[in-house]
Each structure stands twice: as structure tokens, then as C-alpha cells.
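The values are calculated or read from the model by the stated rules, or taken from the named source; none is laboratory data. Since the structure is predicted, the reported quantities are computational estimates derived from the model, not experimental observations. Neighbour counts are summed over all protein chains in view; Cβ atoms, including those assigned to glycine, are modelled from backbone coordinates with ideal geometry.
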Amino acid sequence: MDYFLELFFGGLTRGSIYALIALGYTMVYGIIELINFAHGEIYMIGAFTALIAASALSLLGLNGPALLILAGLIAVIYSAAYGYTIEKIAYKPLRKAQRLSPLISAIGMSIFLQNYVLLAQTSDFLSFPTLVDEFAFMEPVSHIMRSSELLIVATTLVCTVLLTLFIKFSRTGKAMRATAQDKTMAMLLGININRVISVTFIIGSGLAAIGGVLISNHIGQINFYIGFIAGIKAFTAAVLGGIGSIPGAVLGGLILGWTESFATGYVSSDYEDVFAFGLLVFILIFRPAGILGRSSTDKV
Amino acid sequence: MTAQISPFIRRAVSEVVQSLLVSCWFMFLTFPIMVIKVNPLERTIDWQWMRLVWIGVAVFPLSFVWRYLMRRKEHGGAQDGEESWQKRVGDRLRTDRKISGPLLALLAVFVVAFPFMFSSYQTQIMISALMYVMLGLGLNIVVGLAGLLDLGYVAFYAVGAYSYALLNHHFGLGFWPALPLGAGLAAVFGILLGFPVLRLRGDYLAIVTLGFGEIIRLVLENWNAFSFGPSGIAGISRPWFFGADLSLGQHTVFLYFIVLILVGFTILVVNRLRNSRIGRAWIALREDEVACQAMGIDKTRTKLTAFALGATWAGFVGCVFAAKTTFINPASFTFMESAIILSIVVLGGMGSIIGVIVGAMVLILLPEYLRAFSEYRMLVFGASMVLIMVFRPQGIITGVKQHYRFGQKESAQEQGERDAASA
């Protein structure tokens, strides 16, 4: 039973991280129908910025939760700035181009960012400082769930709720939904499309950075390549849940996390990704638009 | 006088201010990652302020260039003239036999003489470039013609390579019988992938094909009994040449000609396919699925043939790859490879054969000749991909749309068109 619970919470943690990254994918996709391949790189840059900020700040004598929050904040700000800039450079000029051009631009951007961090920093694994101590109240269950895992799950929950509220009730959120539905109509009604798209990239990148900081804190090491795999997995999660749907991204992330966790625990760790992608193919055969995605009929 | 100059000055000042702001923004953006270098072992930090200065200095002029190019692209006043100029030259090259004939002959002589003119190393590079031309042309069938976004194309490449390697390892099968077998197996896998994804569209298709590619790679990596795992298969025999005992250099030349002939064959087939019944069905499917079905085109069969025929070329190239390196392991078949092949197709200009050739040459030869920049080459590579797309979103070579004109000369062709359509 303990083993099962351990796998369950392990999957929950993993799924939460996928969900945080998948939210960025799904929001960007919902608005400009682009698979933002550079999104995984944003997550990696978030993790690196947090590591650098934490190291620099700890020299100033900061530690404990203040360090985590400050380093996390810096990471979020920087990732958001990167997301904003990438959109302006690589995607905005391509808004009227054929559909595959921005995708190639995104792949190019992803290669560029990976090598930028590789050259400016290092190709080795860097150890990430432990920013949170084990919570005292988690002592009795620490063999099942670590404190950093609790932190990840709780943060994801808060972020998702806040994001849902933001999109549902705020003016910008409404503008985002309108843009996703019909860009031309939104423009006619006086919505500043460029601003909405920028905000989407900023929020998505910020969420990815939160994911990056939390998972690095949990695992304890990072390198320039972490964004690539995480990005692909998160995209899988977004599609699994139905791309463009925010609850779908969270659900997809969790399902993916659990699948991987249980497959690793009960079957074999070698085939973890095979199970993840196998599940994706399986679900899409029966629900071609993802679990929560609405399948659209073509109007002729 | 001042009234005339002042708008100019004002504009110049605003441009400079804009560039200054951009340069400050990039200095802010790159600050933590460029300047602060953490040494995790000694827990110390190196501050590299000079890098920040360099970024500021480099971004300032670049931002002028960027804005100038953007403005030119948007207003397109100068570009329109240029486009028509390019088009004129292109048309002239294509249609005027007096020019295109000698040019083609010159190209043919150069291509044939290449391995004798340059070193074995250069020939090796050219072989891989030509291999990517074939991969690009194969993927072009799926993505460019049929409009199915395939991000797992490398899986078929792996199938081809492993079929030759395994058949050679276990049964001692040579290159020549393995070539059609590998291609055939790849086609079978193409159909296997095609079936479950028939109902999917657009980007759902993209992620499933990506997953399929990863599954194949992971199975090859982990199923030790079958594929020898990550250590791969070594000692694959080189192509047989009438029993002659060739030296390594001669083998390279021989392989070069094999690939050259295969590329020629591919171009021939793809060109014929594009204008065939099935080729036009692909294009129709890409343009509008519903209308296509209403016209009586079998969607299932059309999509499956696209997958199968696209995969076939990857199978061919896989066999050649195994024969070229004589050693394969799953690390050669990562997603990055699929991304590069897709980039060849889109970067060169979707749907155009010359475009794919140019794309492959740019993307494969660029990193090779950028070796002078050694560690910066992938950085430059990624940046060039972004820049080419931003400034030429339609690809380097724009695909030539087929026009059917009414007129006496074309009437025979028109007749043929109608026959094919009604058949």
C-alpha cells in the first residue's frame, strides 16, 4: 500500500509539473494555433535563472523561504521577459505566414536558446541548492511524500485556480477568450490583439518558470537539456487533455504523470515514455480531440 | 530651413532612442545567464561584466538592421520590384532552353566530377547532404503535398537502417537485396502508423507521429535481445561492387554514386507522382478535406499511400545510412533529426523539389562549414533558422503553382487534364 501511495504521489508531482508547463502550451495554442517548441526552453531558462539568483542571493546571506520566493520571483520575471521577447522576434513577424513557418521558427529558437545557455553557462549538470527544508508536520508521511512534492502540488493547485479565475473574470481574460474564438471579430470590437498575445506569452512563460523552479528544487540538479524532454511531455499532456482547454491541460498532465509513475513502478522504468506515448495514441484514437477538447465539425 | 531638417533629425533621434532601449532590454534579458557564472563546487560566483558590454554594443546596430528589414518586408515597395526580378530570372532559367540546357549540363558534370575533385571528407559530407535531400523529398510527399504534419519521420529512417543492419548481422544479407526490403518494411510501418491517425487532424497528428517516432527509438534502445540496445550494431558490410575489393576512399566514391543515382531516381519519381492522379488527390486533400471527399476521393486510401510512399524513401536512406557508417545505434534517430528534416522541407519551400534540395544543402552543409566557429555553430544554426523563416516565410524557393492556360498550344494538355479528371 505504501508503495502504491508513493507512486501515486510521485505521479501527482510529476503530473503537476507537466500541467504547469502544459498550461503555457495550451494557452498559446488556443490563441495563435502555434506549437511553441521554445516553451520547454523557457522552463529551462527559468530553472537556470532561479539557480543563479539563489546562488547570488545566498552570498548576500539570504536563506530559507525568503530565498525560495525571491529566486522564484526573479525566475518568473525573467522567463516572462524571455517569452515576450521570443514572441516579438520569432512569431509576430510570421503571423500571416503559412502555418508551418512559425513552427520551424520555434524549433530554430529552441535550438538557439539551448545553445545560448550551454555556451553562457555549462554543459554539465549543475546542482540546485535545496531551497526548502523538510516541513515538520510532514514527518509522519515523509516516506510517502516529500515536502518538496507537497509544495509542487499545492503551488500547481493555486496557480491553476488563479489562472482559471483570471481568464474567467478579468477584462484581459475575457479579451483572451474572445481572441481565441475569433481573432478578426475580436479586433473589430476593439481588442488589442498584439497585447493579448503578449500577455498570453508572459503568463504561460511565468507558469513554466514556476514549474522549472519547483522541479529543480525537488530533483536537485539541472542542465541545459532539461527543457526539451519536459517540453515534449507537457505538449503531450496538453494534447491529451484537449489542446486549448485549461482544465484539459491539468487533467492531461496528471494522467500522464500517473501513467509514467505507475508504469515505472510496476512494469519497467525503461519503457516509461513508451507507455506515455502509447496512452496518448490510444486516447486519441477514441477521442480525436483529446479528453476535454470539443471536436469541431467543419462548416461547408 | 530648420523646419525641413527638424523632422529628419527628430526621426533620427527617435530611431537612436529606440535602438538604445532595445539594447538596454537585451542587456537586462541576458544579464543573469551571461554575466553570472556559478561555480557549484567551490560555491563561488564569477562576474563577467565584459559580456554585458558586448551584448549592448552588438544589439545596438543590429536593431537598426532589424527594423530596416522589417519595414522593407512590410511595405514591400522595393521588394515587389525585386520579386519580379527574381521571378523573371527564375522563369527565364526554367523556360529558356538555351540557358537551362548548358546550366544543367554544367551541373551534371560538376556533380559527377565532385568526388574526384574534392577530398574524401568533402565527399562524405556531400553524401550526407544528398541523403537529406532524399529524406526531405520523402517527407515532402507527406507534409508538402498531402499536408499531414509528420514529426516522427525519423522512425521510418530508423526502420530502414535497422532492417539492413539486422538482416546483415543475422543472415549476412548484402546491401542490394536489403535496400528494397528496408524500403518495403518502412512502407509497412508507414501504413501501421497511418491507420490509427487517420481521424486526427493538424497538430494532433503532429504529436502522435512524434510519439510514434519516440516509441520506435525507445524500443530500439531498450529491447536488447532484438536491437542490441544503446550500444548499437557494428560491422555492417559496405555495398557490394561486383566482388571488387575496394579501399575506403573508393567505397566513399562508390557510395556517393549510389546516393546520387538514388537521388535522381527520387526526383524522377516524386516529380511524376506530383502530377499523377494520386498526387493531385494529395494536394486536393491538403487544400480542403471535405470538398475532396465530396469529389469522390477515397480519403483513407489517399492518406495511407502518402504515409507509405513517404516512409519508403526514409527506408531507402536508412539502408544507405547503415551502409555508410557501418555502425548504427538509436542515438542517430532522435526527434531532433525529424525536426531537421521537417526544417529542410519548410525552409527550402514547401512542395517544391528544388526548394527541398536547396534546403538540405543549406541545413546540412551550413553546420559542416560552420565548424570554423566550432562551439557557436549550433547557435548560429538555430538563429539562421529563425531569421530565414522571419524574412522568407514562404521558404527560400517559392513553390511554382501549376497554371493551366487556355490557348491553342495548351489545348492538348487541357484535354489530358480533363481526361484524367473524368477517368
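The table below gives the values:
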quantity: Filter pass, residue A:18 being touching a residue at least 60 places away in the same chain (Cβ under 8 Å), within 12 Å of the chain's Cα centre (by Cα), surrounded by 24 or more Cβ atoms within 10 Å (Cβ to Cβ) and under 15 Å from residue A:247 (Cα atoms); calculated: yes
quantity: Only listed residue being over 28 Å from residue A:111 (Cβ atoms) and within 14 Å of chain B (Cβ to nearest Cβ), chosen from A:216, A:268; calculated: A:268
quantity: Evaluation of residue A:55 against (1) buried (at least 21 other Cβ atoms within 10 Å of the Cβ); (2) part of a helix (DSSP H, G or I); (3) touching a residue at least 24 places away in the same chain (Cβ under 8 Å); (4) in contact with a helix residue (DSSP H, G or I) (Cβ under 8 Å, 6 or more places away or on another chain) (one fails), failing number; calculated: (4)
quantity: Hits in the stretch B:143-165 - residues which are farther than 15 Å from residue B:324 by Cα, at pLDDT 90 or above and not hydroxyl-bearing (Ser, Thr, Tyr); calculated: B:154, B:155, B:156, B:159
quantity: Cβ pairs under 8 Å, 6+ apart, first in the stretch A:198-222 and free of Cβ contacts under 8 Å to residues at least 40 places away in the same chain, second part of a helix (DSSP H, G or I); calculated: A:199/A:172; A:199/A:176
quantity: Residue in the stretch B:263-284 that is assigned by TED's automatic domain parsing to the domain that holds residue B:156, surrounded by 17 or more Cβ atoms within 10 Å (Cβ to Cβ) and touching a Cys at 6+ places or on another chain (Cβ under 8 Å) present; calculated: yes
quantity: Boolean, residue B:234 is buried (at least 23 other Cβ atoms within 10 Å of the Cβ) and either more than 14 Å from chain A (Cβ to nearest Cβ) or not small (Gly, Ala, Ser) (or both); calculated: no
quantity: Residue satisfying condition, being more than 9 Å from chain B (Cβ to nearest Cβ), touching a residue at least 60 places away in the same chain (Cβ under 8 Å) and surrounded by fewer than 24 Cβ atoms within 10 Å (Cβ to Cβ), within set A:80, A:66; calculated: A:80
quantity: Residues of the stretch A:92-103 satisfying the condition of being at the interface with chain B (Cβ under 7 Å from one of its Cβ atoms) and not polar (S, T, N, Q); calculated: A:93, A:94, A:97, A:100
quantity: Residue list for the stretch B:149-174, filter: in contact with a helix residue (DSSP H, G or I) (Cβ under 6 Å, 6 or more places away or on another chain) and within 14 Å of residue B:189 (Cα to Cα); calculated: B:150, B:152, B:153, B:154, B:155, B:156, B:157, B:158, B:159, B:160, B:161, B:163
quantity: Answer residue from the stretch B:317-360, given it is polar (S, T, N, Q) and not in a helix (DSSP H, G or I) and is surrounded by the most Cβ atoms within 10 Å (Cβ to Cβ) among those; calculated: B:352
quantity: Helices (runs of 4 or more DSSP H) fully within the stretch B:1-109 counting 3 or more residues that are modelled with pLDDT under 80 and away from chain A (no Cβ under 14 Å); calculated: B:2-30, B:77-95
quantity: Subset of the stretch A:104-148 that is of a type in the set (Phe, Trp, Tyr) and not in a loop (DSSP other than H, G, I, E, B) - its residue that is farthest from the other protein chains (Cβ to nearest Cβ); calculated: A:137
quantity: Exclusive hit being touching a Leu at 6+ places or on another chain (Cβ under 8 Å) and over 25 Å from residue B:329 (Cα atoms), set B:274, B:238, B:280; calculated: B:274
quantity: Subset of the stretch A:158-182 [part of a helix (DSSP H, G or I) and either among the small types (Gly, Ala, Ser) or in contact (Cβ under 8 Å) with a residue 40 or more places away in the chain (or both)]; calculated: A:159, A:160, A:163, A:164, A:167, A:173, A:175, A:176, A:178, A:179, A:180
quantity: Scope the stretch A:240-251; condition in contact with a Leu (Cβ under 7 Å, 6 or more places away or on another chain) and assigned to a helix (DSSP H, G or I); matching residues; calculated: A:240, A:241, A:246, A:247, A:248, A:249, A:251
quantity: Residue within the stretch B:386-409 that is assigned to a helix (DSSP H, G or I) and modelled with pLDDT under 80 present; calculated: no
quantity: Residue within the stretch A:161-176 that is at pLDDT 85 or above and touching a Pro at 6+ places or on another chain (Cβ under 8 Å) present; calculated: yes
quantity: Selection count where residues are within 8 Å of another protein chain (Cβ to nearest Cβ) and part of a helix (DSSP H, G or I), scope the stretch A:277-288; calculated: 6
quantity: Search result, residues across the stretch A:260-270 that are over 18 Å from the mean Cα position of the chain (by Cα) and either assigned to a helix (DSSP H, G or I) or buried (at least 21 other Cβ atoms within 10 Å of the Cβ) (or both); calculated: A:261, A:262, A:263, A:264, A:265, A:266, A:267, A:269, A:270
quantity: Residue B:187 in contact with a helix residue (DSSP H, G or I) (Cβ under 6 Å, 6 or more places away or on another chain) and in contact (Cβ under 8 Å) with a residue 60 or more places away in the chain; calculated: yes
quantity: Any hit, the stretch A:227-237, residues being surrounded by fewer than 23 Cβ atoms within 10 Å (Cβ to Cβ), touching a residue at least 12 places away in the same chain (Cβ under 8 Å), assigned to a helix (DSSP H, G or I) and more than 10 Å from chain B (Cβ to nearest Cβ); calculated: no
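Here is a yes/no grid of residues against (1) within 15 Å of residue B:182 (Cα to Cα); (2) more than 22 Å from the chain's Cα centre (by Cα):
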{"site": "B:283", "(1), (2)": "no, no"}
{"site": "B:292", "(1), (2)": "no, yes"}
{"site": "B:300", "(1), (2)": "no, yes"}
{"site": "B:315", "(1), (2)": "yes, no"}
